[in-house]
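Step one of this worksheet: look at the structure below.
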Amino acid sequence: MAGPTTAERGERQQESSDPPLPRRRLRLPRLRTMIIFVVVLALLGAGSVWVLFGSQWLRVERVSISGTKVLTPTQVGEAADVPVGAPLISVDTGVIEARLRRKLPRIDAVDVVRSWPHGIGLKVVERTPVLIVQKGGNFVEVDDEGVRFATVSAPPKGVPVLELTLSRSGSAAASLRRFGEDRLVREAVRVAGAIPAAVARYTLVVKVRSYDDISLELSDGRIVAWGSGERGAAKARTLTALMKASPDARYFDVSVPTAPASAES
């Protein structure tokens, strides 16, 4: 058979060199779709920014406060100084938390949360005194971390007084130089936290002479030599057993819990 003529080959080459018209038709709609999509996204973004920052819909209108015991909601609200009327999204919760801690040392922890669409919530946890230090006619409250956080005119009920009778000479002075007053206060706090509940309710004074010479004075005049703040759980168990075994004793020594002692005078 005869092959294609020169004219036929030319027509085929011309057809193969022509651009595919369907592909050209598809590119333009795709480009238009992408442009429309980008424009819509930009409009949505601009609208969201305006709703969050520029509109009156999502602004701070109220501040709710919970968790207060000694502090009042009014005190917390004034110290927080939440910018009422500001866009809710722009409120810096970290700044408010820091401000509350700085202005109200009684606050141990605070959580500042946004309550959409118009609220800010302040969830407060106050410090609880475990000891008090008498200072003139007032009392300084000390929490379970040894932090002195508030001065009050009347002692809180059921909280023992911390007496620091730190000698400036002898072994007591060496203890003071080695540990420092703040560390000795924390040791007293450890002791206060380890006292058995049945004894804690009668404890009036926690007296610190040195790191390993801490004692308790009870409301009925009995004395407990506790020693250091170490091995608190063992000392608590020993004291409970010793008081049951010697109900008439006036003095108890649990500084070495494996070798306790008691005396009637």
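Structure notes:
- The Cα center of segment 89-145 and the Cα center of segment 185-231 differ in position by 29 Å.
- Diffusion constant of segment 111-265 at 4 °C, which comes from Stokes-Einstein with the Kirkwood Cα-pair radius and 1.567 mPa s, µm²/s: 77
- Ascending count of other beta-carbon atoms within 10 Å, so fewest first, for SER64, SER265: SER265, SER64
- Proxy reagent accessibility, fewest Cβ within 10 Å first, across THR68, THR128, THR258: THR258, THR128, THR68
- Flagged links, alpha-carbon separation over 32 Å, of LYS135/LYS244; LYS103/LYS235; LYS123/LYS157; LYS103/LYS135; LYS103/LYS157; LYS123/LYS244: LYS135/LYS244; LYS103/LYS235; LYS123/LYS244
- Selection of trypsin sites (Lys or Arg not before Pro), segment 183-262, meeting DSSP coil and at most 12 other Cβ within 10 Å: ARG201
- Three semi-axes describe the equivalent ellipsoid of segment 65-166; taken as square roots of 5 times the Cα gyration tensor eigenvalues and ordered largest first, they are 33, 11, 11 Å.
- Among LEU162, LEU204, LEU218, sorting on how many other beta-carbon atoms sit within 10 Å of each Cβ, with the fewest leading, yields LEU204, LEU218, LEU162.
Here, each number is a calculation from the coordinates, and none is a lab measurement. Since the model is a prediction, treat every value here as computed from it, not as a measurement. Because the Cβ atoms are built from the backbone with ideal geometry, glycine has one as well, and the counts that use them run over all protein chains shown.
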